[in-house]
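Undergrad: Let me begin by handing over the structure; questions about it come next.
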Amino acid sequence: MDGFSNKTKSPVEKGYTRIMSFNVRCGEFEPRQAIVPQIIGEYLPDTLGVQECTYEWYKTLCASLPEYEFVGVGRDSGGTDPDCGEISGVLFLKEKYSLLDSGTFWLSETPEVVSFGWDASCRRVCTWAVLEEKGTGKKFAHVNTHLDHISIPARKNGIELVREKALSFDLPTVVTGDFNLFKGCDLYYQLVAEGLSDTQDTAKQTMYGKTYHAYKGGEEGEPIDFILTNKKITEVGRYVIVRDMLDSQHTSDHYPIFADMIIE
């Protein structure tokens, strides 16, 4: 972790685990290929769920963030090849955590194979990882996804598959993602039904405002990106919407978000 530890803008309080979610945006790659890994390194999450991670972003993040191990495969090929499509991956600090188990499934009627689901505009996937902290033996699961932006049935059914997976772990579990639905709508309440809670609401210190801003910035509005926890995580210290600009640019068309929590 030495590569970024001395640059961390907001160190994690002792005893807390930092979970980040970041839609890195599939387009406009070249102007942002340095600042996206830079902002991740400056906040140094323990684990990170990324959305719209193309093959280019996969290669860039792996090369620029050697402190992290990357878990996940592309939605179009089931691999990490140039034609793989979006990888909704999970990254974790490899010196701090060991990977115990992981997998990717498709948000469809046939989740075990590369597939479209429920009139979705794109194939959509969910990636999960079970991690063990090397120093303590504490285990937790991180589930990450990106729901369809067009089809309401795809979002509705995708939510159920993601919830089912998240609630299947008998471990502290976090869920990150771009859910393409606004906080407070009916589908949001389906997402945060019994068993999952929104860290924006449970954090002792929190922030409000939109997370998708189309490179325009601003604060007013509701988020579509969320960090959720199951009932085995009972303390969230703070929730942050990262509105930093680097080199006078927004790092993406979404703000990254993170939550610091105690995982026991």
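The values are calculated or read from the model by the stated rules, or taken from the named source; none is laboratory data. Just so it is clear, the model here is predicted, and its values are computed rather than measured. When we count neighbours, we look across all protein chains shown, and the Cβ atoms used for this are built from the backbone with ideal geometry, even at glycine. The accessibility values were calculated without ligands, DNA or RNA, using every heavy atom of the protein model including side chains. Shrake-Rupley method; radii C 1.70, N 1.55, O 1.52, S 1.80 Å.
Undergrad: Taking K138 as the anchor, which lysines have their alpha carbon closer than 22 Å to its alpha carbon, excluding any fewer than eight residues away along the same chain?
TA: Qualifying lysines at Cα under 22 Å: K14, K94, K96, K165, K231, K232.
Undergrad: To the nearest 20 Debye, how big is the dipole of the chain about its Cα centre, given +1 on the beta carbon of each Lys and Arg and -1 on that of each Asp and Glu?
TA: My answer is approximately 480 debye.
Undergrad: Related question: For the pair S168 and D81, how long in nm is the line joining their label points, each one 7 Å along Cα→Cβ?
TA: Using points 7 Å along Cα→Cβ, the separation is 2.6 nm.
Undergrad: Moving on. Pick from W57, W106, W118 the residue whose mean-square fluctuation is largest in a GNM of the chain, springs joining Cα atoms under 10 Å.
TA: Comparing W57, W106, W118 in the GNM, the peak value goes to W118.
Undergrad: Enumerate the residues in the stretch 150-165 having an amide nitrogen under 12 Å from the point lying 7 Å beyond the Cα of A193 toward its Cβ.
TA: Only 156-164 pass the distance filter.
Undergrad: Per the helix-only calculation at 222 nm, which mean residue ellipticity applies to the chain, given -39500 (n - 2.57) for every DSSP H run of n ≥ 4 and division by its residues, nearest 500 deg cm²/dmol?
TA: -5000 deg cm²/dmol
Undergrad: With a ≥ b ≥ c taken as the square roots of the eigenvalues of the C-alpha gyration tensor of the stretch 126-264, please select rounded if a/c is under 1.5 and otherwise prolate if a/b is larger than b/c or oblate if it is not?
TA: oblate
Undergrad: Rounded, prolate or oblate: which fits the chain when a ≥ b ≥ c are the square roots of the eigenvalues of the alpha-carbon gyration tensor, with rounded for a/c under 1.5 and prolate only if a/b beats b/c?
TA: Details: a/c = 1.19, a/b = 1.10, b/c = 1.08.
Note, shape of the chain comes out rounded.
Undergrad: Rounded to the nearest Å, what's the spacing between the alpha carbon centres of the stretch 146-176 and the stretch 196-256? Just the number, please.
TA: Here the answer is 18 Å between Cα centres.
Undergrad: For the stretch 51-131, with the dipole built from +1 on Lys and Arg beta-carbon atoms and -1 on Asp and Glu ones, taken about the Cα centre, which of Y68, W128, W118 lies farthest toward the positive end?
TA: After comparing all options, I get Y68.
Undergrad: Where in the stretch 130-150 does the label zone of F182 land, with the point 7 angstrom along Cα→C-beta and an amide N cut-off under 19 Å?
TA: Under 19 Å, as judged by backbone N against the label point of F182, lie 147-150 of the stretch 130-150.
Undergrad: Which value, in debye to the nearest 20, describes the size of the charge dipole of the stretch 212-260 about its Cα centre when Lys and Arg Cβ atoms bear +1, Asp and Glu Cβ atoms bear -1, and nothing else is charged?
TA: Details: 5 positive and 9 negative charges, 51 e Å.
Charge dipole, the stretch 212-260, about its Cα centre: 240 debye, nearest 20.
Undergrad: Could you work out what % of the accessible surface of the chain is carbon and sulfur, using a 1.4 angstrom probe and leaving DNA, RNA and ligands out of the count?
TA: 48 percent
Undergrad: Provide the net charge surrounding I263, with neighbours chosen by a C-beta distance below 10 Å and charges set as Lys +1, Arg +1, Asp -1, Glu -1.
TA: Net charge in that neighbourhood comes out at -1.
Undergrad: Which of the three applies to the stretch 62-173, rounded, prolate or oblate, going by the alpha-carbon gyration tensor with a ≥ b ≥ c and a/c under 1.5 meaning rounded? Before the final figure, lay out each step's value.
TA: Values: a/c = 2.69, a/b = 1.50, b/c = 1.80.
Taking the square roots of the gyration eigenvalues as a ≥ b ≥ c, the stretch 62-173 is oblate.
Undergrad: If you don't mind, another one. For the stretch 106-264, what relative contact order do you get, as a whole percent, if you take Cα pairs closer than 8 Å and at least 6 residues apart? Intermediate results must be reported in sequence, preceding the final value.
TA: Numbers: 334 pairs, mean separation 29.0, N = 159.
Normalised by residue count, the contact order of the stretch 106-264 is 18 percent.
Undergrad: Label points 7 Å out from Cα along the Cβ direction at L246 and S10: separation in nm?
TA: Once both label points are built, they end up 1.5 nm from each other.
Undergrad: Using the Cα centre of the stretch 167-264 as the reference point, and only Cβ charges (+1 on K/R, -1 on D/E), how large is the resulting charge dipole? Debye, rounded to the nearest 20.
TA: 100 debye
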